[in-house]
Amino acid sequence: MRDGKEIETQKHRVYAWSKDAGETFGGHVVRKEFVYSKNGCDSAIQRYPKYGKNILLFSRPANPEVRAQMTMSLSMDEGQTWSQHKLIHDGSSFYSDIVVLPNRTIGLLYGKGKDGRHEQLPHHVAFARFNIEWLQQRDNTNR
């Protein structure tokens, strides 16, 4: 996705790549790895440079029916595949943004609903902080 453009569609994402810093774009491809609820605008993407490689971080509510299950995904190949998925919050989850902090930890800011309820608007704002190694660990919260 280097110098790429990402366009959100109703249930999936459409990717188009640019080799000239966004002046022009090649053909597009519909990516179906992630199915979105009808409110598919709740996601964020951020580059995390590590050891000369560019890791992409992608956050979104992973539940295809309602805004819930805030999940962080990782790509090691410029968004061609998403090999890791880590559940951050199982309940109602909304708009998110990702930041790489000066100490190289990752911050995820997102809207969080009241526990046990699937709402259309966040009840409060949450901030999760973790490191790349934790995201890369496989455990029972990976989706």
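Backbone amide hydrogens, once placed in the peptide plane, bring His89 within less than 5 Å of Met70, excluding anything fewer than 5 places away on its chain. Listed here are the pairs Lys19/Lys86; Lys19/Lys53; Lys19/Lys112; Lys53/Lys86; which of them are more than 27 Å apart at the Cα? Cα-Cα > 27 Å for Lys19/Lys86; Lys19/Lys112; rest within. Shape verdict for segment 41-136, please, from the Cα gyration tensor: rounded (a/c under 1.5), prolate (a/b greater than b/c) or oblate. Note, shape of segment 41-136 comes out prolate. Scoring 82-91, 66-75 by mean Cβ neighbours within 10 Å over their residues and listing the highest first yields 66-75, 82-91.
Each reported figure results from applying straightforward, stated rules to the coordinates on display, with no laboratory input. It should be emphasised that the depicted structure is a prediction, and the values quoted were computed from it without experimental measurement. As a convention, Cβ positions derive from the backbone with ideal geometry for all residues, glycine included, and neighbour counts pool all protein chains shown.
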